[in-house]
1. Residue by residue, what Karplus-based ³J(HN,Hα) values in Hz, rounded to whole numbers, does the range 44-55 have, using 6.51, -1.76 and 1.60 with θ = phi - 60° and x for Gly and Pro?
2. Placing +1 at every Lys and Arg Cβ and -1 at every Asp and Glu Cβ, with all other atoms neutral, what dipole size does the range 2-231 have around its Cα centre, in debye to the nearest 20?
3. How high is the FRET efficiency between ARG96 and ASP152 when r is their beta carbon distance and R₀ equals 25 Å, given to the nearest 0.05?
4. Can you run phi through the Karplus equation (6.51, -1.76, 1.60; θ = phi - 60°) for the range 145-152 and list ³J(HN,Hα) in whole Hz, with x for Gly and Pro?
5. Given H placed 1.01 Å from N in the peptide plane, which residues other than close sequence neighbours of TRP38 have an amide H under 5 Å from its amide H?
6. Enumerate the calculated ³J(HN,Hα) couplings along the range 78-85 in order (Karplus 6.51 cos²θ - 1.76 cosθ + 1.60, θ = phi - 60°), each rounded to whole Hz, writing x wherever the residue is Gly or Pro.
7. Considering the zone a paramagnetic label at GLN163 would reach in this model (a point 7 Å from Cα along the Cα-to-Cβ line), which residues of the range 6-46 have amide N under 17 Å from it?
8. What is the gain in length, in nm to one decimal, between ASP61 and ALA123 on full extension, counting 0.36 nm per residue of separation less the C-alpha to C-alpha distance?
Amino acid sequence: MRVEIWADVVCPWCYIGKRRFESALARFAHRDEVEVVWRSFELDPTTESARHVGDGPPYADRLARKYSMSRAQAEQALASTTAAAAGEGLEFHLDRALAANTFDAHQVVHVAAQRGRQARVKARLMHAHFVEGEAVGDRATLVRLAADAGLDADEVQRALDTQEHADAVRADEAEAAALGIRGVPFFVIDRRYGVSGAQPPEHLLAALEQTWSERVPSPAVNAPAGGTEAVSGPDGRAT
């Protein structure tokens with residue numbers, strides 16, 4: 001059984017959703033027969049990357065501007081997200097999170113897929129962004145982080161220099177659009193069922209079990225026509 005997960009490395013609910021999915025998968029009786037594939041999704045392809053804290057407005061201001069909310073509302077949303085992350089054992093420091101264009105980061109994840117280290121590299125990039133305040137939009141930083149996660153630094157550098165996986169990133173994004181995915185995380189199970197948002201582990205486990213019990217060859221994805229807007233949790237709150 002294959003589970004494809006559309007996500008962005010700078011999406012807080014994607015990191016939370018990753019942890020919740022891993023919790024569900026650990027309880028799934030057929031977990032050893034599940035292939036997990038991470039697909040590319042850019043929350044905002046126009047984002048300009050920052051390299052240091054203080055480069056550009058802080059996270060709360062960026063959030064307030066993007067979703068037309070007050071600074072107080074943005075801070076409340078970030079506090080809620082941080083609390084949800086803590087519930088999954090993640091220690092978010094969103095005040096350190098730098099603005100990042102993630103196109104190159106997604107290419108690094110594609111390099112990782114070729115080496116069987118996709119989940120490990122995805123987690124390293126997310127942790128770097130949300131916990132450590134690393135500049136995941138900077139190529140030198142990406143090469144270093146990828147090496148931390150077990151990839152060959154020279155191979156990653158070459159891939160970024162040549163943009164070797166640019167078409168693969170765009171293909172993932174085009175496929176997301178074709179499936180009606182407008183927000184992440186979004187889980188597609190065996191190309192039969194779609195689950196939108198960082199749902200609780202029990203919900204994700206139920207989806208895995210139902211799909212397993214109904215397994216028949218089928219190209220259809222029974223996913224919502226719209227999905228969630230931008231980045232949202234199960235309650236639809238933008239973060």
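1. Calculated HN-Hα couplings, in order: 8, x, 8, 4, 9, 6, 9, 10, 9, 4, x, 7 Hz.
2. Working: 26 positive and 34 negative charges, 72 e Å.
Here the size comes out at about 340 debye.
3. Numbers: r = 28 Å, r/R0 = 1.13.
Working from the Cβ atoms, E equals 0.35.
4. 5, 4, 5, 4, 8, x, 8, 7
5. Answer set, sorted by chain and number: ILE5.
6. 5, 5, 5, 5, 4, 5, 5, 5
7. 42, 45-46
8. On the way: separation 62, 0.36 × 62 = 22.32 nm, distance 2.58 nm.
Difference between extended and current length: 19.7 nm.
We did not get these values from a lab; they are worked out from the coordinates using the rules stated. This one's a predicted model, so the numbers in the text were calculated from it and none came from an experiment. As a convention, Cβ positions derive from the backbone with ideal geometry for all residues, glycine included, and neighbour counts pool all protein chains shown.
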